[in-house]
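The values are calculated or read from the model by the stated rules, or taken from the named source; none is laboratory data. Small disclaimer: the values here were computed from a predicted structure and weren't measured. Note that we place each Cβ from the backbone using ideal geometry, even for glycine, and neighbour counts take in every protein chain shown.
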């Protein structure tokens, strides 16, 4: 994500909002701007790149947090079942599925 943001900033500084050879974030900003009929200056586009990077990072962090919370929840459910019914019984029933 950091590389994508730095590539976008470098492209904006050198070429502006031109689509020719533009990184994905620059194309995304231009696409959003054209969709809503907004005239986006090069300065505004350059300021939007870090914000998009922050949102992308927050989204990835949220997905990882959700995944590892689910994995932890499953782990402790299995541990509780093993304490209640014994590890061998849980393995036997799990293998039978």
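Report every pair of residues separated by at least 6 positions or lying on different chains whose Cβ atoms are under 6 Å apart, first residue within segment 31-42 and at negative phi, second surrounded by 11 or more Cβ atoms within 10 Å (Cβ to Cβ) and modelled with pLDDT of 65 or more.
Qualifying pairs under 6 Å: 40/33.
Within segment 1-91, which helices (runs of 4 or more DSSP H) (wholly inside it) include 3 or more residues that are modelled with pLDDT of 70 or more?
By residue number, 24-35, 42-85.
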